[in-house]
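Below: the structure, in structure tokens.
The values are calculated or read from the model by the stated rules, or taken from the named source; none is laboratory data. The structure presented is a predicted model; accordingly, all values stated were derived computationally and were not measured. Glycine gets a Cβ as well: all are built from the backbone with ideal geometry, and neighbour counts include every protein chain shown.
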Amino acid sequence: MVNIDGISDEQIAFIVREHTRVQQQLFRARSADLPATLTFRQWIAILEQHQGLCAFCKKKPFEAMEHLLPVYIGGGTTAENCVPTCQSCNSRKSRSTARMNVETSTYELTFEPPTKPEVESLFVPLDQAAELLGCSLDALTKRVQRGKIVTHQLGGKGKHLILKSDLIGLLAQSRPAEEHQST
């Protein structure tokens, strides 16, 4: 049982609101067959990292969760892809993308849809993923069919692709098994 003594009604409302926000965005990503790995704790950490302010203007309090790579082109609800925004920056961004400026550690809006090569650079074809994972394409395809791995088809057609971030996760999962077998 959780002890809520000492927690204000305002704090409880904040927790409920943000938990609901995360769940809604996870549902949205899953419905689009996209990665949906953002946890409530990760979202709170992101808010703390930005001090409760908009990630773009860094002046106004956040009011929304924004996907840096929009959901409509394959941007999932992940800790790497979600930032807090104020309403005006959220409206300005709309369906454009945003990138981190490494020199200033700020997010910058591009105000243009990403190019096909930019989107494709986020994915790896399934045959290359199988090679990197050290398994056959047939074995990897069976894992996809069983729902163990999520793939994407850009534009709803063409080759099946796997997000590079998902592939990194699969590689990390396979490493401990290999290390355990070699001991």
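For this structure, a couple of remarks:
- Test for Leu38: is it modelled with pLDDT under 95 and aliphatic (A, V, I, L, M): no
- The range 33-47, residues that are buried (at least 16 other Cβ atoms within 10 Å of the Cβ) and farther than 14 Å from Leu163 by Cα: Leu38, Trp43, Ile46, Leu47
- So Gln42, is it touching a strand residue (DSSP E or B) at 6+ places or on another chain (Cβ under 8 Å) and not charged (D, E, K, R): no
- Looking across the range 102-148, the residues that are part of a helix (DSSP H, G or I), modelled with pLDDT of 65 or more and among the basic types (Lys, Arg) come down to Lys142, Arg143.
- Subset of the range 44-65 (residues that are assigned to a strand (DSSP E or B) and modelled with pLDDT under 90): none
- Annotation: of all residues in the range 30-40 being in a loop (DSSP other than H, G, I, E, B) and of a type in the set (S, T, N, Q), the one that is farthest from Cys86 (Cα to Cα) is Thr37.
Residue-wise test of (1) modelled with pLDDT of 95 or more; (2) touching a Phe, Trp or Tyr at 6+ places or on another chain (Cβ under 9 Å); (3) part of a helix (DSSP H, G or I).
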| site | (1), (2), (3) |
| --- | --- |
| Gly6 | no, no, no |
| Glu10 | no, no, yes |
| Val22 | yes, yes, yes |
| Arg28 | no, no, yes |
| Gln42 | yes, no, yes |
| Leu69 | no, no, no |
| Ala79 | no, yes, no |
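- Any chance Phe40 is more than 24 Å from Leu122 (Cβ to Cβ) and not hydroxyl-bearing (Ser, Thr, Tyr): yes
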